[in-house]
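One structure below.
The values are calculated or read from the model by the stated rules, or taken from the named source; none is laboratory data. Note that the coordinates shown come from a computational prediction; the quantities given were computed from them, not determined experimentally. Cβ coordinates were reconstructed from backbone atoms using ideal geometry, including for glycine residues, and neighbour counts include every protein chain displayed. Just so you know, the surface numbers come from the protein's heavy atoms only, side chains and all, with ligands and any DNA or RNA stripped out. Shrake-Rupley method; radii C 1.70, N 1.55, O 1.52, S 1.80 Å.
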Amino acid sequence: MSYKEKIAVFPGSFDPITIGHQSIINRASLLFDIVIVAIGTNSSKTNMFSLDLRKKWLTNTFKNDSNIKIDTYSGLTVDFCKKVNANYIIRGLRSSQDFDYEHGIGIMNKALNNKIETISFMSEPEHSMISSTIIRDIIKNKGNVEQFLPSSVNLD
């Protein structure tokens, strides 16, 4: 009997990473041999935080987790999955609106590469209102977001 490593990719902009992301990544790391947290780069999108800073935050957040890797990519997520030999894409669901959006993307990814499965994790109830978009808005308006971010994220 041969053993095949279960590799999953959790794609996102992580602008910034939140405790909701952290929870999903930690839970996924219990089910997969390797979880690659993949920061997608999109030249037409303006991020609040630099790619280097987002990568640093993720690296620091998961520095003690040997099966969680941090990487960056551009282009299609399914192409990145093929490059890193991942057969799973991890997604987080906070609401029924997230489900509708992620369902469409999951179906399209399956059409592009039928060897890749999308696995969705429900957010913890206490994280269901946290999104990077809302966090960025609070930051822009000089609010305190410390409770919504991993301790490794320093905005100073």
Residue match in the range 95-103 (condition: more than 24 Å from Ile139 (Cα to Cα), open to solvent by less than 70 Å² (accessible area, probe 1.4 Å), at pLDDT below 95 and touching a Leu at 6+ places or on another chain (Cβ under 7 Å)): yes
Qualifying residue in the range 38-61 (condition: basic (Lys, Arg), open to solvent by 90 Å² or more (accessible area, probe 1.4 Å), at pLDDT 95 or above and under 12 Å from the mean Cα position of the chain (by Cα)): no
Lone unmet requirement of (1) out of contact with any helix residue (DSSP H, G or I) (no Cβ under 6 Å at 6 or more places or on another chain); (2) closer than 12 Å to Thr72 by Cα for Val37: (1)
Of all residues making up the range 111-144, the number that are assigned to a helix (DSSP H, G or I), without any contact (Cβ under 8 Å) to a residue 40 or more places away in the chain and either under 24 Å from Leu30 (Cα atoms) or of a type in the set (Asp, Glu) (or both): 3
Per-region count, the range 1-37, residues open to solvent by 20 Å² or more (accessible area, probe 1.4 Å), of a type in the set (A, V, I, L, M, F, W, C) and touching a Pro at 6+ places or on another chain (Cβ under 8 Å): 1
Number of the condition not met by Pro150 [criteria: (1) part of a loop (DSSP other than H, G, I, E, B); (2) open to solvent by 100 Å² or more (accessible area, probe 1.4 Å); (3) under 16 Å from Ile17 (Cα atoms)]: (2)
Residues (within 19 Å of Gly40 (Cα to Cα) and without any contact (Cβ under 8 Å) to a residue 24 or more places away in the chain) located in the range 80-102: Lys83, Asp98, Tyr101, Glu102
Some residue of the range 67-81 being aliphatic (A, V, I, L, M) and open to solvent by 50 Å² or more (accessible area, probe 1.4 Å): yes
